[in-house]
Amino acid sequence: FTRPVDITQLENSLEHSLNLQLNEPYRILIIDDDADLAARYSLVLRNSQMLVEILSDPSELFETLHSFNPEVLLLDVNMPGCSGPELAQMIRLHAEWLRVTIIYLSAETDINRQMAALLKAGDDFITKPISDNALIAAVFSHAKRARSLSNALARDSLTGLLKHADIKEQVALEVQRAQRNGKPTSVVMIDLDHFKRVNDQYGHAAGDNVIRSLANLLRQRLRRIDSLGRYGGEEFVAVLPDCTAEQARRIFDEIRLRFAALNFHAGTRTFSVSLSAGISETDGNAAPGAMLEQADQALYDAKHNGRNQVRI
Ligand code: GH3
Ligand code: MG
Ligand code: MG
Ligand code: MG
């Protein structure tokens, strides 16, 4: 009974963890055999803070998709040697490029031919000539949509947090950064206590609800610069830059108490769940993997000392 993905929650959580992405300009790829026209559209979009590349040789399409990773493709319909819809169809054969929005930009005004192109592949049809502002608005709205979708898909669908590989990468980045700037950074590993029992007694849906609530609580209590991921089923990892293990312990003890005070419901029954957490702190030369291992060791200590506690 997993719920559908909550896009609003995901968009909010985006700001939380990978805030750098929000400030990144949208990437637009233009494919047109008319070089002057392509240059003109490119100028208009660049003036609106978008990153634009022009491709005049469609045989380099997939290389360019990989290197430039555009959110929107502005595609001419009639080009010598190949047609826009055929290119669009080729792109749509590759699952990894489903996230790219394909917009035809063409002088073709015949609705039947426009529909035929869209039926093959592609997401929108814009007729030229088009005013600068109309072009900007159309490309911007499609780029925004494409980015939020691709960011949402990159996240854990139950919690909206970073997935295992991404939070691991974030740990590595922050630990390396801490070594450069000499500031302490803490890594925290969190695991729900006796969660098998929760599932057994109250059902998997109730269990999912507990996982989601913990994710929301963590999101609320941590700072914008902290990163948060779902490391495993009911296991989370947080990275706290510029934060000592002692400071992290105070923060997570408060989170632990708040979480244990939450009431969950399964039918007419009410229950609560506790968590355990382990913390490690950078010491100037710790490898990212060692930071995770130390946090895991501290978590193990917390479990074996009776659970519902935070250990360094
Ligand atoms: P401990 O206090 O030692 O951590 O005991 P535990 O029962 O929590 O043990 P463990 O961490 O090994 O068990 C994790 C359990 O969490 C097993 C699995 O059934 C459950 N689980 C993992 N992912 C999910 C999920 O996405 N949803 C739900 N409902 N349960 C999950
Ligand atoms: Mg043309
Ligand atoms: Mg557990
Ligand atoms: Mg576990």
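At-a-glance table
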read-out	value
Considering residues of region 179-203 that are of a type in the set (Val, Ile, Thr) and touching a helix residue (DSSP H, G or I) at 6+ places or on another chain (Cβ under 7 Å) only, the residue farthest from ligand 1 (Cβ to nearest atom)	185
Filtered residues of region 91-112 (kept if outside any loop (DSSP other than H, G, I, E, B), surrounded by 15 or more Cβ atoms within 10 Å (Cβ to Cβ) and either free of Cβ contacts under 8 Å to residues at least 60 places away in the same chain or within 16 Å of ligand 3 (Cβ to nearest atom) (or both))	91, 92, 97, 101, 102, 103, 104, 106
Residue that is at pLDDT below 95, in contact with a Gly (Cβ under 6 Å, 6 or more places away or on another chain), of a type outside the set (S, T, N, Q) and part of a helix (DSSP H, G or I), where the choices are 10, 14, 37, 20	10
Condition check for residue 240: touching an Asp or Glu at 6+ places or on another chain (Cβ under 7 Å) and at pLDDT 95 or above	yes
Residue pairs meeting the criteria (Cβ under 8 Å; at least 6 apart or on separate chains; first hydroxyl-bearing (Ser, Thr, Tyr), in region 40-65; second assigned to a helix (DSSP H, G or I))	41/135; 48/136; 48/140; 56/35; 56/38
All positions within region 231-256 that are among the small types (Gly, Ala, Ser) and away from ligand 1 (no atom under 16 Å from the Cβ)	238, 245, 248
Number of the condition not met by residue 210 [criteria: (1) hydrophobic (A, V, I, L, M, F, W, C); (2) more than 24 Å from the chain's Cα centre (by Cα); (3) within 16 Å of ligand 4 (Cβ to nearest atom)]	(2)
Candidates 215, 165, 205 - the one that is modelled with pLDDT of 95 or more and under 19 Å from the mean Cα position of the chain (by Cα)	215
Subset of region 56-90 [buried (at least 18 other Cβ atoms within 10 Å of the Cβ) and within 19 Å of residue 45 (Cα to Cα)]	64, 65, 70, 71, 72, 73, 74, 75, 76
Breaking point among (1) outside any loop (DSSP other than H, G, I, E, B); (2) surrounded by fewer than 12 Cβ atoms within 10 Å (Cβ to Cβ); (3) among the small types (Gly, Ala, Ser), for residue 284	(1)
Pick from region 165-215, criterion more than 16 Å from ligand 3 (Cβ to nearest atom) and without any contact (Cβ under 8 Å) to a residue 24 or more places away in the chain, ranking: nearest to residue 155 (Cα to Cα)	165
Condition check for residue 298: of a type in the set (A, V, I, L, M, F, W, C), within 16 Å of ligand 4 (Cβ to nearest atom) and assigned to a helix (DSSP H, G or I)	yes
Verdict on residue 257 being modelled with pLDDT of 95 or more, in a strand (DSSP E or B) and more than 16 Å from ligand 3 (Cβ to nearest atom)	no
Matching residues in region 127-147 - criterion: being of a type outside the set (Lys, Arg) and surrounded by fewer than 16 Cβ atoms within 10 Å (Cβ to Cβ)	127, 129, 130, 131, 132, 133, 134, 137, 141
Region 283-312 residues that are farther than 21 Å from residue 184 by Cβ, paired with ones that are of a type in the set (Asp, Glu) (beta carbon under 8 Å, 6 or more apart)	303/191; 303/193; 307/193; 308/193
Among residues of region 217-272, those that are of a type in the set (S, T, N, Q) and in contact (Cβ under 8 Å) with a residue 40 or more places away in the chain, counted	3
Meets criteria (more than 16 Å from ligand 4 (Cβ to nearest atom) and in contact with an Asp or Glu (Cβ under 9 Å, 6 or more places away or on another chain)) for residue 172	no
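Conditions (1) farther than 19 Å from residue 47 by Cβ; (2) touching a His at 6+ places or on another chain (Cβ under 6 Å); (3) charged (D, E, K, R), marked per residue:
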position	(1), (2), (3)
107	yes, no, no
110	yes, no, yes
117	yes, no, no
126	no, no, no
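The values are calculated or read from the model by the stated rules, or taken from the named source; none is laboratory data. Remember, predicted model here, so these are calculated numbers, not experimental data. Virtual Cβ from ideal backbone geometry, glycine too; neighbours counted across all protein chains shown.
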